[in-house]
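Input: a single structure, listed below in structure tokens.
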Amino acid sequence: MPENEIVLEMSNISKNFPGVLALDNVSINLHKGEILGLLGENGAGKSTLIKILSGAYSLEEGKITIEGAEHRFSSPHDSLSAGIRVIYQELTSFEPLTVLENIFAGEVITSRAGFVSWRKMAEQARKILETLGSEINPNALMENLSVAGKQIVEIAKAIHGKVKILVMDEPTSALDEKDVNTLYSVIRKLSKQGVAIIYITHRMEEIVQITDRVVVLRDGRKVGDSKTSETSKAGLVNLIVGRELSEQYPKRDIKKGKVIFEVKNLSYLNKVKNVSFNLREGEIVAFFGLLGAGTHQLFSVLFGDKRATSGEIYVEGHKLKITHPNIAKRNGLGYIPIDRKEEGIALVMDIKQNITSSNIEEIGNGFMLNRKTEKEHAQKWFNALNIKAPTIDTLASSLSGGNQQKVVVAKWLEKNSRILLMNEPTRGIDVGSKAEIYLIAEDLCGKGVGVLMVSSELPEIMAISDRVIVMRDGEIVGEFITRQTSQEELMHIASA
């Protein structure tokens, strides 16, 4: 098959859900060995398109052609049989099993005598891993691998399954820089072997580094399709959200009040060392550091998830010993964790229950919830934060990442938190939702709330924060007024 031959065509795809046109006459194609970036806000139609391609959703209108043959998938098995593999953001590996057991996924190689030949399976698994440039031991347990290692095993499983089209959904969301580069190397090797790749991400820098072409969806329609070399970050953002990059991050001059939170010489084991800073009313202070800098551990200590080994914390001038999250909550602290699905939100509960979970004592009599009050409180924040869902009774598990994050924020607004800790608040959410989260932070500051934020995205730090504190190896190594520094200076200090 020549390199420029089209391996996949999805033509005039439309998909309706009750009251929603999720896809409206979308057409994309994919060439052999091509890496295609698929961009769009949450709700733009990316997931629906991929679920149709993977057989998870039925095809209602349009046509799917693979290597010239038309296909109509009635199940994921049909899609797998056609050579399509999807690696989701939340990996589906079998943790207690070995690498080779995951690669073969229930299939076995037998000897002439009919016994399972683990040696032959290990040899074949090793060969597949070697084609990806990986030295992972086929006999290693999956649970002992890094996230990057698990992703490589997922790719190896796809190769073993004779993959023609590989879909990768936010593959770097939990990776550090070294692992990202390793993954890029694997993806490029796959591309050279002729595998066509659809790469879904919210990170513009990844699009530039890894893709050949970019397709942008907005509101269920295709609004952009061009070579990566002929695009710009600003142009892509404009296509994604329908407005210019300069409109994404609010810039407001908010009057700063008194110091409401102060930390003196705080330490936690060897992870956080002698950290001191303060926060004023109406202020956003951002923490920046590379992997292992200690920013995440610091926030865990501040909220009581981890117990400080030394140091002092003051809230509104009063010294506090925060040894448990409940103490932090009672004293006006709210925490948006880095992993919202594990720590921030209860996926099996609805929006209403999540929002009011932080304030049960205010909407009940100690024995029973006041359902009317519960609904009123939840509806207030549902409307105020523009949470996109049918009703407050919608399950949290069905929300997009951006809307889940809004529910987490609403939970702490319901608690009337005066000090909000936001740990990577925009990780894994789309450009438009990022802007909304930061607008919410700005609005809170206008009401006297103080915000502490950890972010690995320097453009956002520069746009939204008043001060930046840089950490390295658990220590503060720099503190800057944001408008008096630059991304380059912050990165230099963080990596020196």
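Data table
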{"quantity": "Rounded FRET efficiency, nearest 0.05, which uses the C-beta distance separating Thr65 from Leu290 and R0 of 51 Å", "calculated": "0.70"}
{"quantity": "Using alpha-carbon coordinates, inclination of helix 401-414 to the longest axis of the chain, degrees", "calculated": "20 degrees"}
{"quantity": "Unit charges on C-beta of K, R, D, E only; dipole of the chain, Debye", "calculated": "720 debye"}
{"quantity": "Alpha-carbon Rg with Dmax, taken over the range 1-131, Å", "calculated": "18.4, 59"}
{"quantity": "Geometric extent, Cα atoms of the range 259-495 - Rg, Dmax (angstrom)", "calculated": "17.6, 56"}
{"quantity": "Rough spin-label spacing in nm, given labels placed 7 Å along Cα→Cβ, for Thr131 and Glu475", "calculated": "4.9 nm"}
{"quantity": "Extension gain from Asp443 to Leu141, taking 0.36 nm per residue of separation minus the Cα-Cα distance", "calculated": "104.0 nm"}
{"quantity": "Shape category assigned to the range 385-447 from the gyration tensor of Cα positions, a/c cut at 1.5", "calculated": "oblate"}
{"quantity": "Per residue, the convex hull volume that the Cα atoms of the range 366-488 enclose (Å³)", "calculated": "150 Å³"}
{"quantity": "Per-residue ³J(HN,Hα) for the range 266-273, Karplus 6.51 cos²θ - 1.76 cosθ + 1.60, θ = phi - 60°, Hz, x for Gly and Pro", "calculated": "7, 9, 9, 6, 10, 8, 10, 10"}
{"quantity": "At R0 = 25 Å, FRET efficiency that the Cβ-Cβ distance of Ala234 and Arg483 yields, to 0.05", "calculated": "0.75"}
{"quantity": "Two-site label geometry, Gln379 and Ser75: point separation in nm, points 7 Å out along Cα→Cβ", "calculated": "4.5 nm"}
{"quantity": "Partner lysines for Lys178 [C-alpha distance under 19 Å; skip if fewer than 8 residues away on the same chain]", "calculated": "Lys150, Lys189"}
{"quantity": "Förster radius 41 Å - calculated FRET efficiency between His324 and Gln209, Cβ distance, rounded to 0.05", "calculated": "0.45"}
{"quantity": "Degrees, to the nearest 10: 118-131 long Cα axis against longest axis of the chain", "calculated": "70 degrees"}
{"quantity": "Gyration tensor (Cα) of the range 6-242, equivalent ellipsoid semi-axes in angstrom", "calculated": "32, 21, 15"}
{"quantity": "DSSP-loop GluC sites (Glu not before Pro) across the range 1-86, with at most 15 other Cβ within 10 angstrom", "calculated": "Glu3, Glu5, Glu60"}
{"quantity": "Sorted largest first, extent of the range 251-311 alpha carbons per principal axis (Å)", "calculated": "38, 24, 18"}
{"quantity": "Cα-based equivalent ellipsoid of the chain: semi-axis lengths in Å, sorted from largest, via gyration tensor", "calculated": "41, 27, 24"}
{"quantity": "Rg/Rg_ref, the range 357-426, where Rg_ref = 2.2 N^0.38 Å and atoms are Cα", "calculated": "1.14"}
{"quantity": "Calculated [θ] (222 nm, deg cm²/dmol) that DSSP helices of n ≥ 4 give over the chain, each run adding -39,500 (n - 2.57)", "calculated": "-9500 deg cm²/dmol"}
{"quantity": "Tensor-based shape of the range 279-331 (alpha-carbon gyration tensor, a/c under 1.5 rounded, otherwise prolate or oblate)", "calculated": "oblate"}
{"quantity": "Length-normalised contact order of the range 259-495 in % [C-alpha pairs under 8 Å, at least 6 apart]", "calculated": "29 percent"}
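Every number in this text was worked out from the coordinates using simple rules, so none of it is lab data. All figures in this text were calculated on a predicted structure; none of them were measured in a lab. Quick reminder, even Gly has a Cβ in these numbers, built from the backbone with ideal geometry, and neighbours come from all protein chains shown.
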